[in-house]
Amino acid sequence: MQYRDSETTTAAGKKVSKDSLNPTFAVAYKPVENVSVYASHAQAYTKPVEVGTGYDNTGEILKPIKNKQNELGVKYENANILHSLAFFDLNQASYIKEATNTTIGQKYTQEGENRFKGIEYSLTGKVAEKWNLMGGVLYLNGKREKLTMGKENLEGKFATGTPKWNAVLAAEYEADKNTSFIGRANYVGESHVNDNGVKAPDYMTFDFGVKYKTAINHVPVTLNAMCYNAFDKNYWISRGTSVALGAPRTFMLSAQFDI
């Protein structure tokens, strides 16, 4: 059981809060040594949301709604590889831009909810002496539900900015105890934009990197070098009612000190 007090401070300095008692529980069962099944349920309220500028109802506080998540899954381990399969059903607050006859011409409201039902499969483990494999695929069916009268045209529409398919597959090669190389493929399926007015196309990117463990003044250090979107793929990212250019080829260097 979780108690939570969500608070939002408006631009005018007004504080709006919502306290709630949210049950959370899970149960797991292991019928045989390498198989386990589980079920879980969780609830939590969203934070109150203040409507920003550019709307007729700027400054209005939209009430929070209760999110619920149910999940049922199974895990299976064999030959040093862990397989996971999960079925889930959850809801989130749904926000829409509504046309008006005023000077600004639109208002921002919380209407109904976005309902997500999906299946996710993942695997991770050592497939050979020096090779590790990690990956997964996600199917997500997100739609608008429980809209009020007058918004029936959006009922059953796909949640904006939510691709149906996501997948990732990565392989790591351990050259020696201190050096490893990684390659990763990332796939994002097409998604609906602007209340299903248009679609953002699917895309795939590739990442490559190297990790090296050493020591500086007797302090263990892990150095990482990554190249994201290595082939400089041009793609669009869906952001609800708009799209944005995806990140170009990006290099990153980092160091982790174990002190």
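The values are calculated or read from the model by the stated rules, or taken from the named source; none is laboratory data. All of these numbers come straight from a predicted model, not from anything done at the bench. So basically every Cβ, Gly included, is an ideal-geometry build from the backbone, and we count neighbours across all protein chains shown. The area values use the complete protein model at the heavy-atom level, side chains included, leaving out ligands, DNA and RNA. Shrake-Rupley method; radii C 1.70, N 1.55, O 1.52, S 1.80 Å.
Looking only at region 58-80, decide whether some residue is of a type in the set (S, T, Y) and in a loop (DSSP other than H, G, I, E, B). Yes, region 58-80 has at least one match.
Could you say whether any residue in region 112-127 is at pLDDT below 95, more than 24 Å from the chain's Cα centre (by Cα) and assigned to a loop (DSSP other than H, G, I, E, B)? So far as region 112-127 goes, no, none of its residues is at pLDDT below 95, more than 24 Å from the chain's Cα centre (by Cα) and assigned to a loop (DSSP other than H, G, I, E, B). Identification of strands (runs of 3 or more DSSP E) wholly contained in region 193-259 with 1 or more residues that are of a type in the set (S, T, N, Q), in contact (Cβ under 8 Å) with a residue 12 or more places away in the chain and surrounded by fewer than 12 Cβ atoms within 10 Å (Cβ to Cβ) yields 250-257. Is it fair to say I96 is in contact (Cβ under 8 Å) with a residue 60 or more places away in the chain, open to solvent by less than 40 Å² (accessible area, probe 1.4 Å) and of a type in the set (A, V, I, L, M, F, W, C)? Spelling it out, I96 is indeed in contact (Cβ under 8 Å) with a residue 60 or more places away in the chain, open to solvent by less than 40 Å² (accessible area, probe 1.4 Å) and of a type in the set (A, V, I, L, M, F, W, C). Per the conditions (1) surrounded by 13 or more Cβ atoms within 10 Å (Cβ to Cβ); (2) within 23 Å of H192 (Cβ to Cβ), the sole criterion not satisfied by L133 is (2). Of the set (1) closer than 16 Å to N91 by Cβ; (2) touching a residue at least 40 places away in the same chain (Cβ under 8 Å), all apply to P23 but (2).
Within region 161-178, residues that are outside any loop (DSSP other than H, G, I, E, B) reach no partner that is among the small types (G, A, S) and open to solvent by 60 Å² or more (accessible area, probe 1.4 Å) with beta carbons closer than 9 Å at six or more positions or on different chains. Here region 20-57 is the region considered, the condition is being polar (S, T, N, Q) and part of a strand (DSSP E or B), and the residue that is farthest from T109 (Cα to Cα) is S36.
Among the residues making up region 16-67, those that are of a type in the set (D, E, K, R) and either farther than 27 Å from K117 by Cα or surrounded by 15 or more Cβ atoms within 10 Å (Cβ to Cβ) (or both) are K18, D19, E33, K47, E50, D56, E60. Residues of region 158-169 include none that is over 18 Å from the mean Cα position of the chain (by Cα) and either at pLDDT 90 or above or crowded, with 18+ Cβ neighbours inside 10 Å (or both).
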